[in-house]
Structure formats: structure tokens, C-alpha cells
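Down below is the structure, laid out as C-alpha cells.
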Amino acid sequence: MYRTLSKLSCAIKPTGTQALKRSYAVSSTLIKPVKELTHLDTDVPQSTLDKVNEFTKYTVNTYARPDVVIARGKGCYLYDTSDRRYLDFTAGIAVTALGHSDPEVAQVLYDQANKLLHTSNLYHNENAGALAKTMVEATRQHGGEWASKLFLANSGTEANEGALKFARKWGKQFSPDKTEIVCFTNAFHGRSMGALSVTFNPKYQKPFAPLVPGIVTSPYNDVDAALNAITNKTCGVIIEPIQGEGGVHPAKAEFLEALRKRCDETNTLLIFDEIQCGLARTGKMWGHQHFNVTPDVMTMAKPLANGVPIGAILTTEKVGEMIKTGDHGTTFGGNPLAAAVALNVVSRITTPEFIDSVNQKGEHLKSLLKQVQDSHPDLIKEVRGKGLLIGVEFTKDPSPIVKMARERGLLLVTAGCNTVRVVPPLIITEEEAVEGVSKFAGAVDQFAASSQ
């Protein structure tokens, strides 16, 4: 098996490379809704149900999952234990930018696992240092001259926890009372205690109160409210330039510009959470580049290693130099395995050609989804987003549509209020986009008929 991997990596070009050579016909294809239900939940074999029941006995019940067990993946497709194929419009919640079982990623994992897995941060390792340099230089090449220092963690929520700590220390330079952190409605920054405290969602927060003190929540995209919220007691402002979990809502340019100006006036760190919208997902290397506003601190994670757990904090020179030995740390962050994969991924998804392809694919996919909207104007309120971070907002709860789509072999995920999030792998082809939206259209047709 392992020898085969070496041959595959040389003989097969990644799907993403093939996709770059395509031209995308933005509106030439007419969608034909798929009516056939090929993946009924009632058709799940008893052996799979038995396996799910067995797993459930030993697993903390934190997820609402269908009785489907995913066994393998390839490109934009996943396969369950019954070998039923699903077109994945979730990408593991915007993670697998290069698709599933990417040959190059598999080869890097194999090579690095045979070389060095772990040292801890008691010592330098080649891959972590190289990744820090690569990330800073790539960001600068895309216009981010502010980027200077990188801290490596293991996940998005860890990255945000670190960013909040950086903000608290930053504030102490000016005043012992400069400890408040401003966040925004509909935000999602993670589920650990600090990140949860800046995630304004009562469903997530209430069971774990009291939360971290000193948090001020302001309405997203409300300039006047934000200006009032950010004071000389504020050490940090954390915001997603494009909200993902909150419903795929881009910030207004004037809102981010006002935040930047107010943060400068009050010596406050502006933190951009780019965990979902960063790294080419929106058709720019970073989501904030749509708005011509730069942060002091930026967090990233999801697609950074294509599914291998990793997170990172990118800072300006002033912020990076402020953090001293012992201020923060991690056992696994920056491990050679995750860093090696991230180096491969970043080198591929930050090229101008790849990013341009994401823009083309995003426009094509939105044009297809708008055909479905045109067929159901009373049901679909809006198709919005940038690149391949797309939200389809409904006038009713679309949760049943996710199930109806899955029973046609399409995987979707909801986001925010009445919104379906469409976040396929960034290597999606034109044919796969048409296939997915056709199945989505069939699910919407079924939902509309059942709602009458």
C-alpha cells in the first residue's frame, strides 16, 4: 500500500491541478432537479445500525448524526460503509480544500511519519519554522505587509484562545483596566471557554455560564454601536470578516474600516478570525482582502492542513515581539507532521491560478443556485457569499432539505438562521457543481411540495 502511494503521487496529478485548466460556463447550464431518492435512511443495513448503536454506547453524545458511517473519500466524494457515494458540499465544514484522500497530502503524511512525528516545542523542527516563513511570505505576496510572526496551535478554537490572550497582555501595557474584549452578534469563534465567551449564541453559552468576564457584544455591521463599544478599556476586538457559522454574512467595508480606525485610536488589537473564510475559500488568500482593511492579529485553521488538525495565529511585528517566553505554549502545536502537510497545502492553494479558479467556480456555483432560487422565489430569500463560501437563505427552517439532499447523495450543512451553507472542496469541477445543485434542486422541490 505504501509503495503504491509513491507511484500515485508521481503518476496522478491532483484533481485541483486538473480543475485549474477548466473554463467555467457561468450560466450556460440549466439545472434539472434530481427526484430519485437513492440514499434513503431506511435503506441503511442492519449491520451499520448495529455499529452506530455500539459506538453510541461509548461516545459522549455531542452531535446529532444520521445513521451513516463514512468509510472513505476521494476528491469531492465520500463513501459510506455500504459503498454509497455522496457528493460532499461540506468539505468537512470548509476543511478539505484539496478534497479527500489527496495523493500529495497522503504522500507527505507517509514520508513525514517515517521521518519524525513529534519532538514538542522544547526543540526547533524544520517544518514548523519553514511553515512560519512560508505563511508570512505568502501573506505579504498577497498584499499583507502587516504579517510578521506565526504561532502554531492545533485547532481554530485554540488559535482564538491564544489571540484573546495576546489581546489581554497587549492591553496591560497601557493600563491594568484595559481588559475588555468586543465581539459581535451571530459570531462563532469556538467552544472552549474563552472562545465560547465571544461566541454570542445563548444555545451554546447558557449551559456553561458564568463565562469569561470582560466581554462586550455589539451588533454585527452596526458602526455606531461598535464605536460606542470600543473604549480605552478595550484590549481587543475579534470579528469574522465573513461570518460562516452565523449564516455566511460578509461584513460591510465601512464597518471594518470603522473598526480599524477606532482600534487605532484606542490602542486596541483588531483580531480577524479567518478560520473559515481564509486560505482561498472566498477567492482571496484571506477574506479580509475583499475589504482593504488589515488586522493586528489573525487566526486560521480549517483548510490549513486539509484535515490534519492544525491552527495558527499570525501577528504584526509589534504583537509578535510583545509575546515572550512562557507567555503561551502547546505540546502538539507545530508538530512536524501537521506542519509538513500545511507546507504542501499552502504552496498549492495560494497560487494566483488556484485562487482565480476559486472565483470562477464560486460564480458558476452561485449562478446555478440562483436558478433554484428563481424556481422558488417564495422559499429562497437570497443566495450570497464570496468564492466558495456560499449561503442559501430560506424563508423557513431548511433542516429537512439537508436530509432530503442526503437521500439524493448530496451532503450539506446549515448555518445561522434558515441558511444552508455550501462549502465544497475548492477543487470542485463544473460537472460536480451541476450534479450537486441538481440534487439540491430536487430536495428543494420536495420540501416545497411537502410544505404546501
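For the range 219-254, the residues whose amide N sits under 20 Å from a probe point set 7 Å from the Cα of Lys172 along the beta carbon direction are 232-238.
Of the residues Thr294, Tyr123, Ser192, the one whose Cα sits farthest toward the positive end of the charge dipole of the chain, with +1 on the Cβ of Lys and Arg and -1 on the Cβ of Asp and Glu, is Tyr123. Working from Cα pairs under 8 Å separated by at least six residues, relative contact order for the range 116-350 is 29 percent. Working from label points 7 Å from Cα in the Cα-to-Cβ sense, the Lys35 to Glu126 distance is 6.0 nm.
Filter Lys169/Lys261; Lys165/Lys318; Lys178/Lys252; Lys32/Lys381 down to the pairs with a C-alpha to C-alpha distance above 25 Å, please.
Lys178/Lys252
Starting from the Cα of Ala253, step 7 Å along the direction of its Cβ; do the same at Tyr63; then give the gap between the two resulting points in nm. Each label point lies 7 Å from its Cα, and together they span 4.0 nm.
By other beta-carbon atoms within 10 Å, ranking His249, His328, His124 with the fewest at the front produces His124, His328, His249.
Using the average count of surrounding beta-carbon atoms within 10 Å as a protection proxy, the listed peptides 98-105, 437-444 rank, highest first, as 437-444, 98-105. What the pair-distance distribution of the chain shows, using all Cα-Cα distances binned every 10 Å from zero, is 4, 20, 30, 27, 15, 4, 0 percent.
Stretching Ser82 away from Glu145 to a fully extended chain increases their span by 17.7 nm, per 0.36 nm per residue minus the current alpha-carbon distance. Pairs over the 26 Å Cα-Cα cut-off, from the set Lys284/Lys366; Lys74/Lys439; Lys203/Lys233; Lys149/Lys203: Lys203/Lys233; Lys149/Lys203.
If the viscosity is 1.567 mPa s and the temperature 4 °C, what translational diffusion coefficient in µm²/s does Stokes-Einstein give for the range 116-350 when Rh comes from Kirkwood over Cα pairs? Diffusion coefficient, whole number: 73 µm²/s. Label reach from Thr231 (point 7 Å along Cα→C-beta): in the range 183-208, amide nitrogens under 17 Å belong to 183. In this simple spin-label model, placing a label point 7 Å from the Cα along the Cα-to-Cβ direction at both Ala448 and Glu54 gives a separation of 4.5 nm.
Computed from the coordinates by the stated procedures, all read-outs in this text should not be read as laboratory data. This is a predicted model, so every value here is computed, not measured. We place every Cβ from the backbone using ideal geometry, glycine too, and count neighbours over all the protein chains shown.
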